[in-house]
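The values are calculated or read from the model by the stated rules, or taken from the named source; none is laboratory data. This structure is a prediction, so every number in the text was calculated from the model and none was measured. Glycine gets a Cβ as well: all are built from the backbone with ideal geometry, and neighbour counts include every protein chain shown. What goes into the accessible areas is simple: the full protein's heavy atoms, side chains included, and nothing from ligands, DNA or RNA. Shrake-Rupley method; radii C 1.70, N 1.55, O 1.52, S 1.80 Å.
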Protein chains: 2
Amino acid sequence: MLLLAWIAFITPIVAQDNVDLEMMYRIKTEGIQKSQIQDLSFHLTDFIGPRLSGSTNLRNARAWTSRKFQEWGLSNVKIDAWGEFGRGWNVKKSYIAMKAPYYAQIIGYPKAWTDGTAGQVSSEVVLLEISTDADLEKYRGKIRGKIVMAPANLTLNPAFEAEAKRWTEEELEQRKEISTGVQPSRYTPEALAQMRAQRELDQKLATFLLEEGVALRLTGTRGSFGTVFHTRAGSYSNDKKPTVPEIEIAAEHYGRIYRLIKNGKPVTVEAEVQVEWLDDDYKGYNVLAEIPGTDKTLKSEIVMLGAHMDSWHAGTGANDNAAGVVVMMEAIRILKALGVQPKRTIRIAIWGEEEQGLHGSRGYVQQYVADRTKKEKKAEWDKISAYYNLDNGSGKIRGIYVEGNDMVVPIFEKWLEPFHELGANTVTRRNTGSTDHVAFDAVGVPGFQFIQDPIDYGKGYHTNMDLYERMQFADMTQAAVIIAALVYNTAQRDEKLPRKPWN
Amino acid sequence: MLLLAWIAFITPIVAQDNVDLEMMYRIKTEGIQKSQIQDLSFHLTDFIGPRLSGSTNLRNARAWTSRKFQEWGLSNVKIDAWGEFGRGWNVKKSYIAMKAPYYAQIIGYPKAWTDGTAGQVSSEVVLLEISTDADLEKYRGKIRGKIVMAPANLTLNPAFEAEAKRWTEEELEQRKEISTGVQPSRYTPEALAQMRAQRELDQKLATFLLEEGVALRLTGTRGSFGTVFHTRAGSYSNDKKPTVPEIEIAAEHYGRIYRLIKNGKPVTVEAEVQVEWLDDDYKGYNVLAEIPGTDKTLKSEIVMLGAHMDSWHAGTGANDNAAGVVVMMEAIRILKALGVQPKRTIRIAIWGEEEQGLHGSRGYVQQYVADRTKKEKKAEWDKISAYYNLDNGSGKIRGIYVEGNDMVVPIFEKWLEPFHELGANTVTRRNTGSTDHVAFDAVGVPGFQFIQDPIDYGKGYHTNMDLYERMQFADMTQAAVIIAALVYNTAQRDEKLPRKPWN
């Protein structure tokens, strides 16, 4: 009751947020009738390919994106170094199969930034059963040139729930609820100590395997039915040490090798990994472009929209996050095509190196917006009205997370009104984490991410199967229209969007 | 109402079908407390591997199964040739990847009985757009040593329904309904003519590609997210001609190559397939074993249970049909372990070569039961009371299909009573097709297949992902118990099960 009364009280101050319905109509028409979503998606996924941070393909993707921005007539297009990332890495060949007890292909991918094998390697697989430092000694002197693996985690349950889904109205309503209780720590001190001990043991094991001259390490991974999730091995830093080559393989194939060895049946695996290291440029980059503002006083202010370009390496990063990049590109294309003359400057930022820690967006913020640790504001801190981000796949927009910023709730509720019949009607005070809007929110600049229908996102992101076929073009068309509208409204609003205080 | 009255009328004649509850209890106890399901499943899938008809692994599987039968003390264990199958074929190596526009692994498998490539082959992929004979000429002289493919079928929809499911009581009830209308032919004469024309064109194309010296043909296939369905290329017959090597690849990977070429971006693929042909034995085999009957007059009569051992070649044929084989092995193991002295002889048959046309079971029937085309009865026609088959994955038994045999309905309803709380309570008059019970039913000998929960069967059978992890051991334990019970009841019944007339 209190809350409702309070919203009623602040509603009048947002009268300025009545939307320009004619512009909304024009945005919808351009976005739906002249969509370039499918063509952009093809180019970024099939043609450019996977875009691991530092890889040749990511460089190609930056070049392609900036060419597109120039083609469309955007201003101040630049590929902007945010700082130092590390070495580039490309897979040149990858093959793995079981040779005995019978020949069987294995679905497996080199972990990111792993070293290659010494040509084709082949050996009986040694099962390493290590739970303490002392266990390492059991294998000393016995694993040179061998392929090794740890025991498997065997549980793979059938999927009694649909992999693909859309949020129901009821679920969206639940998504608005805010817990006011203090959340208990997720881990007990004992659990934390155990995790720390495990991490230390893992590091010792990695060093041990390298010293012992292991030929290849096999790792199991999440996923099933041929879908393989990715992680990374070793480091991409300039001064990285060599690592044991590592391939992560489909859970079922890993389980088979494990069960065979445990039952006393020797398993022989053959494999080859060739990789290429790039040492000509250690920097990381974002691609920036603008529609310049036209209002005499407001044009120095900025509305940003963006998404990350980098992906994991065995799919083509379709839902994570070619989808976001394509939607943001399309949103600014729509505005440019309509010849919009915004009051504030509209800037798109296609981030690099998100997957390793939001490096692109954090680097940008550090350089231009604010130093988070020193709590120092920089030139753009006061200029950016809002940053809009998309990074939850290609499902359509159902609403927006406002990161606890109560003051923007009535504004977004108003702005989403023309899009209710397209399925977007939920404004939640909740936080959502783990992608580039966080870099802005962390320094008190409004950064927003959208509620999207999950479709196949959860099943496919960070996997070998995050491919063109996962992308929902009709949904992405809706998302581009809505984002273009919010960006436009933000650019035209009398005031910048209200902010949470930044200490 | 009529139907109910009729069932009430025939109920008295099945008084003999009251079940021996103590024996049911003993079967359940042995099956549940001493289950060997998991161990047998491991051996048949992980350890033996895929069991394509004619392959070395299928030979190993027959040997292993017959050793198990001997170990358990079954009688008259034999590996029984049913006739001639054809050549054996094993994959010795398989590798495929995209080299340009960037390196990317491809999930793909040689089609069954394809020839190998001439070492590692590599070429730009040529897209063959052929819809008439005349189109072939466009490619004459231009595809020697090339890798070729046809246009892709691009639709891959997200799965908004769960892949795994159990039947609801309502769905089971619906499964009892029988349509009395005449089914219209599935195809119009025009559609049939078109299919025939397409088949002729396909054959011409295959010959053309061979004559033109194509290096490798790529084919798309059903499935998504890394799951690849299998088909076969060429022939396994003794006098087979050479064929163009053929690899079927994941739908997404096939789609990517197609889209790139259609958009004018050349694609290079490299691949290697090594296969081995076996010409030392063209025969096909079943594995047979018995618990001999003990009743003076009835012991010459037989109750049979069985499942097919052969599978497709890139998974390990777990749900299709190691599951059926293991359940049937376990069912007879339970009866043997209990020291059952059945009136009739109980015979298990583990069929070979089912996937290419029920060859094992049809060969057995032809040899011992009846000649279907000549309508000639043979020695066992009058002796076999019933044949029980399992071939719909590893989901538990929910009921039985009686193939229109109204006379057995009240018998099975009685016999399933002790298993209602295990989920098996549906007797449907419906037919179910396409596996080995059909060979018996076709000559008028009662052959039955069970209603099983589908779990992951539809998604995984005939795929690279039909692996150990798909098998539901608790469900298989239930199935083995129920089948042991039905087999026992059939062996002890005063009369053979009632039959449909065979003209």
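Select from region B:433-456 all residues whose loss of accessible area on going from the chain by itself to the full protein assembly reaches 10 Å² or more (probe 1.4 Å).
By number: B:Ile455, B:Asp456.
Give the lysines whose C-alpha is closer than 26 Å to that of A:Lys240, dropping any in the same chain fewer than 8 places away, or say none.
A:Lys92, A:Lys93, A:Lys111, A:Lys146, A:Lys204, A:Lys283
How far, in nm to one decimal, is A:Ser235 from itself in the other copies if the label point is set 7 angstrom along Cα toward Cβ? Shortest first, please.
Output for A:Ser235: 6.3 nm, nearest copy listed first.
In the structure displayed, which of A:Lys299/A:Lys500; B:Lys34/B:Lys336; B:Lys377/B:Lys496 lie more than 20 Å apart, Cα to Cα?
A:Lys299/A:Lys500
What longest region of chain A stays clear of GluC sites (Glu not before Pro) that DSSP places outside H, G, I, E and B and that have at most 14 other Cβ atoms within 10 Å?
A:178-494
Output the Cα-based Rg and Dmax of chain B in Å, rounding Rg to one decimal and Dmax to a whole number.
Radius of gyration, then largest Cα-Cα span, for chain B: 24.9, 79 Å.
If you keep only loop residues by DSSP, which trypsin sites (Lys or Arg not before Pro) in region A:66-166 have at most 14 other Cβ atoms within 10 Å of their Cβ?
A:Lys138, A:Arg140, A:Lys142, A:Arg144
Could you run the Debye sum over the Cα atoms of region B:90-278, one equal point scatterer each and no solvent, and tell me log10 of I(q)/I(0) at q = 0.13, 0.16, 0.20 Å⁻¹, two decimals?
Scattering profile of region B:90-278, log10 relative to I(0): -0.80, -1.06, -1.46.
Nearest to the axis that maps chain B onto chain A: list the chain B residue whose Cβ wins, with the distance in whole angstrom.
Residue and rounded Å distance to the axis: B:Gly226, 1.
Using a 1.4 angstrom probe and counting only protein chains, how large is the accessible area of B:Val303 in Å², to 10?
0 Å²
Copy-to-copy spacing for B:Lys299, label 7 Å out on the Cα-to-C-beta vector, in nm, shortest first?
Shortest to longest, the spacings are 10.6 nm.
Mind listing, in residue-number order, the residues in region A:210-224 that have at least 10 Å² less accessible area with every protein chain present than in their own chain alone (1.4 Å probe)?
The answer is none - no residue of region A:210-224 has its exposure fall by at least 10 Å² when every protein chain is included.
Quote the total accessible area buried by chains B and A together, excluding ligands, DNA and RNA, probe 1.4 Å, nearest 100 Å².
4900 Å²
Let me confirm one metric for peptide A:311-319, namely the mean number of other chain beta-carbon atoms within 10 Å of its residues' beta-carbons.
The shielding value for this peptide is 1.
Give the relative contact order (percent, whole number) for chain A; include only Cα pairs under 8 Å separated by 6+ residues.
That works out to 23 percent.
Suppose we take every Cα in the protein assembly as shown and form the convex hull; what volume per residue is that in Å³?
221 Å³
Compute the accessible area per residue over chain A, keeping the other protein chains in place, probe 1.4 Å, unit Å².
40 Å²
Between copies, how far does the label point of A:Ala197 sit from its twins, in nm, shortest first, when each point is 7 Å from Cα along Cα→Cβ?
Relative to the other copies, A:Ala197 has label-point distances of 7.5 nm.
Which loop trypsin sites (Lys or Arg not before Pro) in region B:299-401, with loop taken from DSSP, have no more than 13 other Cβ atoms within 10 angstrom of their Cβ?
B:Lys374, B:Lys375
Go through A:458-466, A:432-440 and give me the packing order, highest mean Cβ count within 10 Å leading.
Averaged packing, sorted descending, gives the order A:458-466, A:432-440.
Report, by chain and number, residues whose modeled amide H sits under 5 Å from the one on B:Lys111, excluding near sequence neighbours (fewer than 5 apart, same chain).
HN-HN under 5 Å from B:Lys111: B:Glu246, B:Ile247, B:Glu248.
In region B:98-143, what residues drop by 30 Å² or more of accessible area when the other protein chains are put back, versus the chain on its own? Use 1.4 Å, and skip ligands and nucleic acids.
Those residues are B:Tyr102, B:Tyr103, B:Gln105, B:Ile107, B:Tyr109.
Which ³J(HN,Hα) values, rounded to whole Hz and listed in residue order, are derived for region A:190-195 from phi using the Karplus coefficients 6.51, -1.76 and 1.60 in 6.51 cos²θ - 1.76 cosθ + 1.60 with θ = phi - 60°, glycine and proline given as x?
Result, ordered by residue: 5, 5, 5, 5, 5, 4 Hz.
On the principal axes of its Cα set, how long, how wide and how thick is region A:310-363? Give whole Å, largest value first.
Largest to smallest, the principal-axis extents are 40, 24, 9 Å.
Between the DSSP loop rule and a limit of at most 16 other Cβ atoms within 10 Å, which trypsin sites (Lys or Arg not before Pro) in region A:186-267 are left?
Loop-located and lightly packed - A:Arg186, A:Arg222, A:Lys240.
Farthest toward the dipole's positive end in the protein assembly as shown, which of B:Phe419, A:Thr428, B:Ser35, given Cβ charges of +1 (Lys, Arg) and -1 (Asp, Glu) about the Cα centre?
B:Ser35
Counting only other chains, what is the mean number of Cβ atoms within 10 angstrom of the Cβ of each residue in peptide B:468-481?
2
Take the solvent-accessible surface of the protein heavy atoms, probe 1.4 Å, and return the percent of it on region B:90-278 that carbon and sulfur atoms account for.
For region B:90-278, the apolar C and S fraction of the accessible surface comes to 49 percent.
Could you give the C-alpha radius of gyration of region A:123-162 expressed as a fraction of 2.2 N^0.38 Å, taking N as the number of residues it contains?
Dividing the Cα radius of gyration by 2.2 N^0.38 Å gives 1.73.
Each residue of region B:318-334 in turn: what ³J(HN,Hα) in whole Hz from Karplus with 6.51, -1.76, 1.60 and θ = phi - 60°, glycine and Pro shown as x?
For region B:318-334, the Karplus curve yields 6, 7, 10, 8, 4, 4, x, 4, 5, 4, 5, 4, 5, 4, 6, 4, 4 Hz.
In terms of modelled amide H atoms, which long-range or inter-chain residues lie less than 5 Å from the amide H of B:Ala100?
Those lying under 5 Å, H to H, from B:Ala100 are B:Thr268.
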